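A short reminder: the numbers here are calculations on the coordinates, not readings from a lab. Everything numeric here is computed off the predicted structure, so don't read it as measured data. Positions of Cβ are backbone-derived with ideal geometry, glycine not excepted, and every protein chain shown enters the neighbour counts.
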Amino acid sequence: MKHYYLLIICLLFLGQNLSSRDRVSLNEGWRFKKLDSTEINHTLDYAKIKQWVLPSGNKFLVTSNKPQKPTGNLDGGKYAQYGYDDSGWRQLNLPHDWGIEGPFVQQYPGETAKLPWFGVSWYRKSLDINASDAGKQFYLDVDGAMSFSTIWCNGHFVGGWPYGYASYRIDLTPYMKAGEKNVIAIRLDNPDESSRWYPGGGIYRNIWLTKTNPVSIAQWGTFITATDISKERATLNLKMNIDNVNSAKDQINVKTEIYNVDKQGNPTGKPLVIDNTPLKLSGKESLLEKSLTLKQPVLWDIDNPHLYVASITLQKNGKAIDTYNTVFGVRTIEFKANDGFHLNGRRVRLQGVCMHHDLGALGAAFNYRAMERQLEILQEMGVNVIRTSHNPPAPEMLDLCDKMGFLVIDEFIDTWVVPKKKNGYAILFNDWHEQDLRAFMQRDRNHPSIIMWSTGNEVGEQGSADGIRISNLLTSIVHEEDPSRPATIGCDNPNAAFNGFENTTDIFGFNYKPHLYSKFSADRPNIPFYGSETASCISTRGEYLFPVDDDKSGGKIGFQMSSYDLYAPDWASPPDTEFKGQDQAKANAGEFVWTGFDYLGEPTPFTRDLTVLTNYHNPIERAKAEQALKEMGKIEVPSRSSYFGIVDLAGFKKDRFYIYQARWRPDLPMAHILPHWNWSERIGQVTPVHVYTSGDSAELFLNGKSLGKKIKGEYEYRLRWDDVVYEPGVIEVVAYKDNKVWASDKIKTSGDAYQLKVDADRNTMKADGQDLIYVTIEIKDKEDLFVPRANNLVQFELSGNGEIVATDNGDPTSHEPFQNKNIKAFNGKCLVIIRSIKGQTGNIQLKAISEGLKKEIINLKSID
Ligand code: GAL
């Protein structure tokens, strides 16, 4: 009995405890159903229910004339209803991408990966809300759902958001019942013909329930910038938006404390700054602006990404009613029209890549470790900036960039009103661009990593009168939302650089125009510029075509691309051409290679049907491709993922990785030889050898015999020995810098496949049900030499506290499901991705087995 009273007292106390906001993950325990075509209810098509959905964006419209939600309820059909029995539906955890589950379908367009990412689906979840939460505000915070979300809470329509890359909040408060079971039902309607790449489908990012008191910091309600930065001090300018949903006339105290951050982004140590400001609330929203002085600021930089956190506590009668943390950094950025980009007062060349949002075999489903791994691989290459092409990324991607020292171009959109795809953003632009752009910027503008806001990519309006109008409009929104950073736009239309369109943005981005850099610099001396998309070189890891053809439209081998890094679509170029353009126009701020990683979809140049065969130069290769198509009984090419990546879909480096590393990390001694040296069919034939090195010259040796020393000339970025006659053995390069030995590389012809070698990127992972270990399998010969053309089938057996979530080998033509527990090696390598199981710590054992080869076992661990 005593205990019972104690419990009641505790509950009462909790009920009155106004102190905390709660932000809890809602990722677990959803029910999911994908509708078949007969079940799709067209009464819920966006065009028909738009007036219900539009008001969800009202917070971001700067007008007094906002759309009003119709009265009554929007009937969502049986799946939206509170009492619907969903127990027969599939159970799953988010983030979830239904498209990546496949299967690949040959008839589907390669442009979007031949995967079934489109369609209508429902997600439902029950939520028990404590009685003690009565009187709180309940917000559903969705980081991303693809796409056209509409949401019901306990059978009542609560809102929606069409843009699949947007993060958004829906207020559940009017319909949530404290002390009861509540049901959230989310309908997604992902139209086909809506994307130029693989978009994924589903609630593919994290989803949260945020509980606050009626007085709280608003959604993305803080904005912190630093000005007057010196060694001694920086002025921190804080804007705080405070919600007061009941329009209470309360007097509160706003306490701001600035701290250093720990690894999780939480405050650590003693506060560096403390401020208390009284505030009289009135109306539903209040804005408080403060300037605080931070002494001896440690600057955020790419070499030392130092972060601070502002912890803001709202207090009423001395009691905390909300605490909200904002991570930020102190740094200066400046673009100079005649001298590129400057970070903290020094010039930094933008060594960038464009990245789509998918995570290879995991599809669009966001995973923190998968993203971190991509960034680690890119950082090893020397990348210091990412362009989030062509849409807002997952919020955690920006957290990672802040922590790891990447700069970012945060990009809004791929399309304005001129459509690129029938059902793409053009159908939303007029109604949604303001809400989407402002919401996206308010979400992201505290990240020190972000240096520019991109308002668009290769929009159809470039240069037209309408384009100038829209571009000016978007740039003005950017300036309103964030006066501390410039706007940019990626342009492929050369006219847009000279016909007035260039004046509609702050920093001009050229897509694939290295030949225009010098002219622009001379003709537009006041506009900073850079290559917003560069190269678009295409290659397949480990594939080489002979004779080596320098014509950039060559290089096709069946449905693979030669990895001599000389090939690109007609609008694009090999890396070397871009480097030259930059080096001839020093004012250029840098480049963003298309792309860092291969991505799902857009398998240029193999995007069309049999007409693709006319693209083949080499008649033998054309015949091979035709034969391959016939054998498969196919009318379309099989390719499902891109060839643009410097790194393949599985995360394996292509040769190109090293031409960028050589340029971007000049102090790192390195040399890289291509091709591999297993050409039993080419004995006596000319087999060119190319070398990428951060040195200035190199000498090549074949079986100990020198093939001569080469020196990089002006505007030369690779060393070429084009007349090497193949003989098996050892090909070796010794690179020099300033006449001193600098680096070397050696490849030895391997024997037959004999064994599997297994290498994990880490030996332990967290038992949180999300963390991953990536295990690479290489096929080796008896002497432990890599067998570069091996394609043995590798089977995986896993025991213990983990599960295999995907396998991959980086082959852009593979239609094997990523979920298979076996995979063929592709050019000697394959990958298996292991995920932890929530709450299950302990050993994990992975066996890699392949018929006729020596197997290998690796022991891993899942830990607390
Ligand atoms: C660009 C476009 C990118 C991608 C690329 C391939 O024109 O902006 O999204 O399609 O071409 O080269």
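Cα centroids of region 45-67 and region 209-286: how far apart, whole angstrom?
Here the answer is 29 Å between Cα centres.
How long is the gain from E285 to Q845 if the chain were fully straight, where each residue apart is worth 0.36 nm and the alpha carbon distance is subtracted?
Difference between extended and current length: 196.1 nm.
Counting only the backbone N, which residues of region 292-306 are under 20 Å from the spot 7 Å out from the Cα of K263 toward its beta-carbon?
Zone members listed by number: 303-306.
Which angle from 0 to 90°, rounded to the nearest 10, does the C-alpha axis of helix 395-404 make with the longest principal axis of the chain?
In the chain, helix 395-404 runs at an angle near 60 degrees to the longest axis.
Return the aspartates and glutamates within reach of K114: Cα separation strictly under 15 angstrom, same-chain partners fewer than 8 residues apart disregarded; answer none if there are no such residues.
Within reach: D97, E101, D192, E193, D358, E602, D609, E636, D811, E816.
Between E480 and K586, what's the calculated FRET efficiency when r is the beta-carbon distance and R0 is 35 Å? Round to 0.05.
0.60
Per-residue HN-Hα couplings for region 781-788, Karplus 6.51 cos²θ - 1.76 cosθ + 1.60 at θ = phi - 60°, whole Hz, x for Gly and Pro?
So the J values, rounded to whole Hz, are 8, 5, 8, 6, 8, 5, 9, x.
Full-extension gain between K336 and K270, please, as 0.36 nm times their residue separation minus the C-alpha to C-alpha distance.
Result: 19.9 nm gained on full extension.
In terms of the Cα gyration tensor, with a ≥ b ≥ c the square roots of its eigenvalues, is region 448-523 rounded because a/c is under 1.5, prolate because a/b exceeds b/c, or oblate?
Oblate is the answer for region 448-523, as a/c is 1.5 or above yet b/c matches or exceeds a/b.
Quickly work out the S230-to-S706 label distance, labels modelled 7 Å from Cα along the C-beta direction, and quote it in nm with one decimal.
The modelled label-to-label distance comes out at 5.9 nm.
Taking every pair of alpha-carbon atoms in the chain, what share in percent sits in each 20 Å bin, from 0 to the bin with the longest distance?
14, 46, 33, 7, 0
Any lysines with Cα under 21 Å of the K125 Cα? List them, leaving off those in the same chain fewer than 8 positions away.
Hits, sequence-local ones excluded: K33, K34, K78, K136, K177, K181, K211, K838.
Output the 0 to 90 degree angle, nearest 10, between the alpha-carbon long axis of helix 429-444 and the longest principal axis computed from the alpha carbons of the chain.
Between helix and principal axis, roughly 90 degrees.
Between region 141-167 and region 548-564, what is the C-alpha centre distance in whole Å?
Measuring centre to centre over Cα atoms gives 44 Å.
Provide the gained length on full extension for the span L473 to I863, in nm with one decimal, where the gain is 0.36 nm per separating residue minus the Cα-Cα distance.
Residue separation times 0.36 nm, minus the Cα-Cα distance, leaves 135.3 nm.
Using the number of other C-beta atoms within 10 angstrom as an exposure proxy, rank V794, V686, V309, V158 with the fewest first.
Fewest-to-most Cβ neighbours within 10 Å comes out as V686, V309, V158, V794.
I'd like the Karplus ³J(HN,Hα) series for region 683-690: coefficients 6.51, -1.76, 1.60, θ = phi - 60°, whole numbers in Hz, and an x wherever there's a Gly or Pro.
So the J values, rounded to whole Hz, are 4, x, 9, 5, 9, x, 10, 10.
Please arrange C153, C537 by how many other C-beta atoms lie within 10 Å of their C-beta, fewest to most.
Listed from fewest to most nearby Cβ atoms, that is C153, C537.
Taking only pairs that are 8 or more places apart or on different chains, how many Lys pairs in region 232-288 have Cα atoms under 27 angstrom apart?
12
Over the chain, what is the relative contact order in percent, taking alpha-carbon pairs closer than 8 angstrom and at least six residues apart?
9 percent
Between the alpha-carbon centers of region 312-336 and region 804-842, tell me the distance in whole angstrom.
Measuring centre to centre over Cα atoms gives 42 Å.
Mind computing the radius of gyration and Dmax over the alpha-carbon atoms of region 464-563? Å is fine for both.
18.4, 56
Taking the number of other C-beta atoms within 10 Å as the exposure measure, put Y736, Y599, Y165 in order starting with the fewest.
Listed from fewest to most nearby Cβ atoms, that is Y736, Y599, Y165.
Which chymotrypsin sites (Phe, Trp or Tyr not before Pro) in region 628-720 pass both tests, a DSSP loop state and at most 14 other beta-carbon atoms within 10 Å?
Answer by residue number: Y715.
What distance in nm separates the two pseudo spin-label positions at K746 and S126, each 7 Å out from Cα along the beta-carbon direction?
Rounded to a tenth, the inter-label distance reads 6.7 nm.
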